[in-house]
Amino acid sequence: MFKKPALLLVLTVFVGMACVSHLKEAKTSYAQGQRSARDYQTQASQAYFQKARQEAFQEVRGKPSGQAYMVKGLAELELELWQEAEESFLEAFHYGFEKGEEWAHHLALFGLASSLEESGLQESSRQVYRYLLDRSRIPSITLLAAQKYTESALEEALEREEKEKDKALDSLLKTAQRLSEKDMSCGYYFYLQSQIYGHQSAYRQSFERAVMARELGLPSEAVFRDNDNQIVFCYRGLKDELAPWDWEQFLSIYQEWMRRWSWTDPETPTWLKR
Amino acid sequence: MKREELEQVVEQALTFLAQILPGSISLYFPLLSVALTWAVKRSLAWEEEIFAWQVWPNPEWIRTKSDMFILDFFQSKPELNSHFRAEIDNRDLDALRSAFSRLYPIMGLEDPFLCALFYPELEKSDLAALLSTFDTRVEEAKADIKSIPERPRLLEGLRAFAEEAISLGIEAMSQKEIQKLILDVLKRDINNKDV
């Protein structure tokens, strides 16, 4: 006689636990995805974000909440499903997640900036990217906006007259430095600084930022190799520029890094054909 | 490591590519090279790296490299230094920048796909031919890759090929030796079909 209600109770508890575990699973997968993304393990991170999205989807179907929609939105953001992420953040807002509306708004702005850029309205898109990199509290949006903004602003700066160009480069450098202050662990921000210092022929600073970028990690093999080439370029620049004593000092530091990276000579990174 | 076994693995991979990309023989060598290169390097983003060359010749970040960096690139490589002597002497940065966007992925970043695609020109140091055909050939390669209906199957096949080659000890070979092995089998394959 008690068997049925008992079974129901067990089932209810089990289903309840399953719901809890969907959100928990979603959060765990998202965290694992972030860890893999930080190590630039793109394939692994995408698989984790997919799983996080699926688990969050199961959760919002059974037990919608601000938290579940937020995790779903974050996973969609990492998968570059902009429209879906925007909708999830709005849902999260409706379920009490206060930042949801602002995040959805920032995503909509990012979409707008991309469209402006595609239609050739560089100046307007640059303004929106600038706004996002100053205001957005979503790391992946800040990083994407930073990439887009600096590339576009650098391109524009290089077209200016010498004096104007110097001013624009200074301002851009400050922006890139602020980004590093916001997220010290992002190698790409140091890569950007290294590139800007390179334009200013400040080889020592460019070298130091490139070393930091290399140590922190870079988003693709091509950018990683370009960063190594920048290191070699700075080495050659400093060889011409420094007084003998300063050069000796720099060389001993350079040789330390070479040993750490297993470079056999100062101008040949390990990936380069011999 | 037995060369015959490796050749057999390459032959199987060529048969597979002939099924999946029947009209694009020019892509067989670059695809097999790139699959092996990133597998040997244990690249964590293997799939992305296979298709990473598709951003060239004009990724955003390359347009903003400094003039001094570009000059240094042309001056520091003897073959470029002699070919672009006049442009370097005249500081003709428009001409150098335009050539840079095509030569840098190959001679600066050593992109394995592009290095294989332009292998004949690089072997002959024929920079003029490389530059004049770069855009067309990269666009053709992009279009061919885009037209594959079963991209996951292509990746699966390339991965299986790379794993088998690694299990036979291909890691002990240099990139050049690997490329030569693939080319030898490919040439033999084409000759056999002609006969």
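The values are calculated or read from the model by the stated rules, or taken from the named source; none is laboratory data. All values reported here derive from a predicted model rather than from experimental measurement. With ideal geometry, Cβ positions are generated from the backbone for all residues, glycine too; neighbour counts draw on all protein chains shown. SASA here: full protein model, heavy atoms, side chains in, ligands and nucleic acids out. Shrake-Rupley method; radii C 1.70, N 1.55, O 1.52, S 1.80 Å.
Residue A:194 is checked against (1) out of contact with any Leu (no Cβ under 7 Å at 6 or more places or on another chain); (2) more than 14 Å from every other protein chain (Cβ to nearest Cβ); (3) open to solvent by less than 10 Å² (accessible area, probe 1.4 Å); (4) modelled with pLDDT of 95 or more and fails just one. What number does that condition carry? In the conditions (1) out of contact with any Leu (no Cβ under 7 Å at 6 or more places or on another chain); (2) more than 14 Å from every other protein chain (Cβ to nearest Cβ); (3) open to solvent by less than 10 Å² (accessible area, probe 1.4 Å); (4) modelled with pLDDT of 95 or more, residue A:194 misses (2) alone.
Please go through segment A:235-250 and give me each residue that is without any contact (Cβ under 8 Å) to a residue 12 or more places away in the chain and either more than 14 Å from every other protein chain (Cβ to nearest Cβ) or open to solvent by less than 70 Å² (accessible area, probe 1.4 Å) (or both), ordered by number. Answer for segment A:235-250, where residues must be without any contact (Cβ under 8 Å) to a residue 12 or more places away in the chain and either more than 14 Å from every other protein chain (Cβ to nearest Cβ) or open to solvent by less than 70 Å² (accessible area, probe 1.4 Å) (or both): A:242, A:243, A:244, A:245, A:246, A:247, A:248, A:249. What is the one condition in (1) under 21 Å from residue B:53 (Cα atoms); (2) out of contact with any Pro (no Cβ under 9 Å at 6 or more places or on another chain) that residue B:114 does not satisfy? Every listed condition holds for residue B:114 apart from (2).
Name the residue that is surrounded by the fewest Cβ atoms within 10 Å (Cβ to Cβ), counting only residues in segment A:126-166 that are more than 14 Å from chain B (Cβ to nearest Cβ) and not in a helix (DSSP H, G or I). Within segment A:126-166, the match that is surrounded by the fewest Cβ atoms within 10 Å (Cβ to Cβ) is A:161. Kindly provide the set of residues from segment B:105-121 that are over 14 Å from residue B:182 (Cβ atoms), within 10 Å of another protein chain (Cβ to nearest Cβ) and hydrophobic (A, V, I, L, M, F, W, C), ordered by number. Listed by number, the residues that qualify are B:107, B:109. One residue stands out among those in segment A:214-241 that are among the hydrophobic types (A, V, I, L, M, F, W, C) and modelled with pLDDT under 95: the one that is farthest from residue B:67 (Cα to Cα), which is A:216.
Of the residues making up segment B:142-195, just one is buried (at least 17 other Cβ atoms within 10 Å of the Cβ) and not in a helix (DSSP H, G or I), namely B:173.
Of the residues making up segment A:167-176, those that are closer than 21 Å to residue A:213 by Cα, surrounded by 16 or more Cβ atoms within 10 Å (Cβ to Cβ) and not hydroxyl-bearing (Ser, Thr, Tyr) are A:169, A:172, A:173, A:176. Among the residues of segment A:198-225, the ones that are in a helix (DSSP H, G or I) and in contact with a Ser or Thr (Cβ under 9 Å, 6 or more places away or on another chain) come to 13 in all. When the residues of segment B:76-100 are filtered to those that are over 24 Å from the mean Cα position of the chain (by Cα) and outside any helix (DSSP H, G or I), the one that is farthest from residue B:66 (Cα to Cα) is B:90.
Condition first: farther than 20 Å from residue A:201 by Cα and surrounded by 15 or more Cβ atoms within 10 Å (Cβ to Cβ). Now tell me which residues in segment A:251-260 satisfy that. Within segment A:251-260, A:257, A:258 qualify.
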